[in-house]
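So the structure is just underneath, and the comments pick up after that.
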Amino acid sequence: MKELSKVASQVQASTTLAVDALAKQMKADGLDVIGFGTGEPDFDTPENIKEAAIKAIRSGETKYTPAAGLVPLRKAAAQRLKADCGVDYAENQIVIASGAKHNIFAALMALINPGDEVIVPAPYWVTYTEAIKMAGGVPVVVYADEKAGFKITAAQLEKAVTDKTKLFILNNPSNPTGMLYNREELRSLADVCVRHDLYIISDEIYYRLVYDNGEFVSVAALGEAVKERTIIVNGVSKSYAMTGWRIGFTASSKEIATVMANYLSHSTSAPSTISQYAALEALNGPQDTVDHMRDVFQERRDYIVGRVNAMEGVSCLSPEGAFYIMLNISKLKGKTLGGRVINNGDDFSLAFLEKGLVAAVSCVGFGAPDFVRFTYATSMENIKEGMDRLEKFLKS
Ligand code: PMP
């Protein structure tokens with residue numbers, strides 16, 4: 001048999017989904033597993049959004065839409081970006097896709113030529129490096145350690161630039177670290193991108209989940225020279241508890257938007273029409289549920305950070321956004337826990353799942369081997385029980 005695609009064969013399975021699959025299997029086998037795995041709000045999609053989808057079905061909105069998405073939805077996305085981030089886009093600069101992940105993939109396909117380098121700060125969301133490879137690019141990872149608040153500096157970015165660099169991927173607030181770049185930090189990173197003529201994919205999917213009244217700044221709001229080279233990625237999954245509806249969007253130059261839309265027109269034709277009507281209500285409708293969910297996440301963050309830092313052997317920073325903590329397990333290296341010698345996050349997360357019955361994601365695949373990611377997008381009851389189990393496991 002002839003070999004499979006070289007490009008596709010290099011792609012790794014999603015580690016976050018793998019841990020989740022194992023945890024689900026253990027649950028199906030009757031074990032009482034608590035999941036801190038997938039980054040998915042535990043809230044139900046708000047009622048007004050569900051109703052909008054039902055209404056769309058009943059009124060026959062069940063046909064294809066334009067490849068770039070419904071015009072009213074593109075307008076609604078542009079209005080949200082204007083209201084929330086202070087950036088101006090026309091509707092023909094917005095592209096709707098089947099989830100922000102799909103938007104990222106389409107953006108990479110629109111920008112990358114074989115061998116182009118893409119700079120990705122670590123710890124990173126696993127999809128970036130794999131999607132870059134799928135698009136024929138070469139990921140170049142720049143490490144930010146915990147002492148630097150998991151943020152890279154302009155000097156680090158500059159050092160990673162070569163004559164092959166095409167693009168810089170910024171994720172703000174970040175999955176997995178929860179860290180938020182402030183205006184000055186963004187300005188210095190953006191200056192490097194402008195100076196070296198790099199595109200920026202700015203994944204801002206967690207922008208509504210910023211705590212302690214922190215200020216979210218979109219890198220595209222830092223002036224025309226930055227905006228014209230930036231592709232903002234956003235969507236409804238995280239802000240409106242709509243992960244299963246699969247709607248995301250990008251805002252970019254019209255030229256990039258057109259290339260993306262053409263590409264999407266031959267891969268999905270268009271995103272689900274019903275989900276687009278639901279997303280339209282999410283973006284245009286009342287926003288109080290978003291604020292409520294953010295406040296609840298903040299309470300949970302405070303609790304989980306407090307519990308972790310009161311334990312021996314582990315610690316974590318207090319994240320400013322998103323819904324993840326990075327459990328630092330470096331002090332446990334070389335020790336035996338749950339019958340396994342702990343050398344990295346993989347060993348810890350496997351031992352903790354098998355013996356502690358808690359699913360958390362090793363950050364080996366995120367470029368941070370001494371860390372394990374816990375999401376707090378799960379109920380307070382689960383968080384309390386999970387932390388009790390962690391305490392017990394660490395004493396085992
Ligand atoms: N970007 C980041 C940083 C994410 O964490 C996720 C979801 N895990 C996405 C994009 C994808 O979101 P969607 O469900 O809209 O595809």
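Of note:
- For the chain, the average shadow cast by the Cα convex hull is 20.6 nm², which is a quarter of the hull's surface.
- Size of segment 59-284 as Cα extents on the principal axes (Å, biggest first): 55, 43, 30
- Loop-resident sites, segment 1-100, for GluC sites (Glu not before Pro), counting at most 11 other Cβ within 10 Å (DSSP): Glu3
- Take every Cα pair under 8 Å whose residues are at least 6 apart in sequence, average their separation, divide by the length of the chain, and the relative contact order is 23 percent.
- Residue exposure proxy: Lys101, Lys331, ordered by other Cβ atoms within 10 angstrom of their Cβ from fewest to most, comes out as Lys331, Lys101.
- GNM top mover of Arg294, Arg183, Arg74 - the chain, alpha-carbon springs below 10 Å: Arg183
- Positive minus negative residues near Asn344 (Lys, Arg vs Asp, Glu; Cβ under 12 Å): -1
- 3J(HN,Hα) from dihedral phi, segment 315-326, Karplus parametrisation 6.51/-1.76/1.60, rounded to Hz, x for glycine, proline: 7, 7, 7, 8, x, 8, x, 6, 9, 9, 10, 9
- Residue-count net charge about Ile104 - beta-carbon cut-off 15 Å; Lys, Arg +1, Asp, Glu -1: +2
- Radius 9 Å from Cβ of Ser239, net charge of other residues (Lys, Arg +1; Asp, Glu -1): +3
- For segment 237-335, the orientation-averaged shadow of the C-alpha convex hull comes to 10.2 nm² (one quarter of the hull surface).
- Overall form of segment 77-156 per C-alpha gyration tensor (a/c, 1.5; a/b vs b/c): oblate
- Under Karplus coefficients 6.51, -1.76 and 1.60, residue-wise ³J(HN,Hα) of segment 222-231 in Hz, glycine/proline x: 8, x, 4, 5, 7, 4, 5, 9, 9, 10
- Pairwise inverse Cα distances across segment 299-396, averaged and inverted, put the Kirkwood hydrodynamic radius at 13.2 Å.
- MRE, 222 nm, helices only [DSSP H, n ≥ 4, -39500 (n - 2.57), over the chain, to nearest 500]: -12500 deg cm²/dmol
- Global size of segment 1-95: 20.7, 55 Å for Rg and Dmax (C-alpha atoms, Rg to one decimal, Dmax whole).
- Violating pairs (Cα-Cα greater than 30 angstrom) within the set Lys27/Lys335; Lys75/Lys147; Lys151/Lys227; Lys151/Lys355; Lys164/Lys238; Lys6/Lys355: Lys75/Lys147; Lys151/Lys355; Lys164/Lys238; Lys6/Lys355
- Label-zone membership for segment 196-233, site Ser253, 7 angstrom Cα→C-beta point, backbone N under 20 Å: 196-203, 219-233
Rule-based calculations on the coordinates, nothing more; no lab input. Just so it is clear, the structure is predicted and the values come from calculations on it, not from any experiment. Neighbour counts are summed over all protein chains in view; Cβ atoms, including those assigned to glycine, are modelled from backbone coordinates with ideal geometry.
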